[in-house]
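The block underneath contains the structure these notes are about, expressed in C-alpha cells.
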Amino acid sequence: MNYNDFGKTGLSVSTLGFGAAPIGLLKTEQERVASILNLLLDLGVNLIDTAAAYAGSEEALGKAIGPRRDEYILVSKCGQKFDDLPGEAWSPEVITATIDRALRRLQTDHLDVMLLHSCGMEVLQKGEALKALVQAREAGKIRFAGYSGDNENVAYAATLPDVEVIETSINFVDQANIESLLPLTLKNGIGVIAKRPVANAAWKPLDDQPGLYKDYARTYHERFLAMGIRLEDLGLDEETTDWAQVALRFTLSQPGVHTAIIGTTNPDNARSNVDIANQGPLPEETLQKMRDAFLNAEGKSGETWKAQT
C-alpha cells in the first residue's frame, strides 16, 4: 500500500481509505463488516471514515476493529441533531455530545479527526461549531478538526486556521473542487480526503445503480454521457483497464489529494480497490484528456458543474 503525508497533521495516510456509509445505511451483517475491515487493515489501509449520520456504522466499526485501534486513523463527522442527544443542529452542545457518543460506540478514547458534516456557510462564519471541535481537541477527545463539504463552503473552510482536514467530492465527472479547493489546501497544509472517488460508477446504466446512491449516480451518469469519453481514447491498455481503475486513479492523481475513501460491503471489491490504488497515478496525457473532456462538456452545457454535496 502506498502512503502520503496527511497535510501538516504529521500523520501518514494510505492512499486508499474505507468509507463506512454503506455498512451502516445498508445494515450489513457484523461478521461481514469484520471480514472487510480486518482484510483492509491486513492489506495496509489505515484510514477509516464514518459519521454519526451513518446509522449503525460507528458501533459496527467499534465491534469489528476496536482491538486494532492503534493500526488506523479514525475519522468521523458530526453536527446534525439526533433524538437521543441534547442540543440543536450545529450547536456546541450537540457536537460535544456526538463526540462523546462516538468515543463509546467506536470503543476508543480519542478520534484522530472529527469533521463538521456539511454545514452551511453561515454556520462556518458564526464559528461556534468549529470552536466546539477545537475545545474537544484541547480536551484530548480528538486530534484534528476539520470540515466535510463542497463548493464555496469547503473553499471557505480551507481558509480557517483551525481546519486541519477536509473531506470533499473529487472524481473525473466531479472536478469543481480540483480548481477551487486543492490550491488552497496545498497552500495551507490541509489533509484532504476525497469522497466519491469512483463517481458512483457513472459509466453504468442507472438501472444498475443501488437505490442508496441513485440521486448522485443520475447526475454523474448524465455528465459521463455528455463528456463522450471512451476507454480507448485514453491511451491505456484496453485489455487490462476498466472504468473503475481509471476513475480511482484519476482521483488519486490529483495534487493535494492524500487519500480516497470507498465504501463497500463486498470483501472482493475491497481487495480489488487496494490493487487499483497500488497502481499509482495515471499518465499525464490521460489526465489531461479527462480534464479536457470535462471542461468541454461543461462549457457546452451552458451551466457550471458544481460538486455534488
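Residues in the stretch 140-174 that are in a helix (DSSP H, G or I) and surrounded by fewer than 24 Cβ atoms within 10 Å (Cβ to Cβ): 151, 152, 153, 155, 156. Listed by position, the helices (runs of 4 or more DSSP H) inside the stretch 24-133 whose residues that are in contact with a Cys (Cβ under 8 Å, 6 or more places away or on another chain) and not polar (S, T, N, Q) number at least 1 are 92-105. Residue pairs whose Cβ atoms lie under 7 Å apart, sitting 6 or more positions apart in sequence or on different chains, and linking a residue in the stretch 272-285 that is closer than 15 Å to residue 172 by Cβ to a partner that is in a loop (DSSP other than H, G, I, E, B), are 281/253; 282/253; 283/235; 285/235. Beta carbons closer than 8 Å, at least 6 apart along the sequence or on distinct chains, pair a first residue in the stretch 286-309 that is within 11 Å of residue 226 (Cα to Cα) and touching a residue at least 40 places away in the same chain (Cβ under 8 Å) with a second that is assigned to a helix (DSSP H, G or I) and among the aliphatic types (A, V, I, L, M) for 293/227; 294/227; 296/227; 297/226; 297/227; 300/226; 301/226. Within this structure, residue 27 fails the test of being touching a residue at least 60 places away in the same chain (Cβ under 8 Å) and either among the basic types (Lys, Arg) or surrounded by fewer than 15 Cβ atoms within 10 Å (Cβ to Cβ) (or both).
The set of residues from the stretch 102-122 being buried (at least 18 other Cβ atoms within 10 Å of the Cβ) and more than 14 Å from residue 75 (Cα to Cα) comprises 118, 119.
This table checks each residue for (1) touching a strand residue (DSSP E or B) at 6+ places or on another chain (Cβ under 8 Å); (2) small (Gly, Ala, Ser); (3) surrounded by fewer than 12 Cβ atoms within 10 Å (Cβ to Cβ).
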| position | (1), (2), (3) |
| --- | --- |
| 196 | yes, no, no |
| 205 | no, no, yes |
| 226 | no, yes, no |
| 233 | no, no, no |
| 244 | no, yes, no |
| 254 | yes, no, no |
| 277 | yes, yes, no |
| 282 | no, no, no |
| 288 | no, no, yes |
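Scanning the stretch 229-265 for residues that are touching a residue at least 24 places away in the same chain (Cβ under 8 Å), β-branched (Val, Ile, Thr) and assigned to a loop (DSSP other than H, G, I, E, B), we see that the one that is farthest from residue 183 (Cα to Cα) is 265. Taken together, 223, 230 contain a single residue that is among the basic types (Lys, Arg) and at pLDDT below 95, which is 230. Only a single item in (1) under 30 Å from residue 164 (Cα atoms); (2) of a type in the set (D, E, K, R); (3) part of a loop (DSSP other than H, G, I, E, B) is not met by residue 303, and it is number (1).
Given the criteria closer than 14 Å to residue 291 by Cβ and among the acidic types (Asp, Glu), does residue 179 qualify? The answer is yes for residue 179.
Can residue 249 be described as under 25 Å from residue 190 (Cα atoms), within 20 Å of the chain's Cα centre (by Cα), surrounded by 12 or more Cβ atoms within 10 Å (Cβ to Cβ) and of a type in the set (Lys, Arg)? Judged against the criteria, residue 249 is a match.
The values are calculated or read from the model by the stated rules, or taken from the named source; none is laboratory data. Here the structure is a predicted model, which means the values were calculated and not measured. Note: ideal-geometry Cβ built from the backbone for every residue, glycine included; neighbour counts use all protein chains shown.
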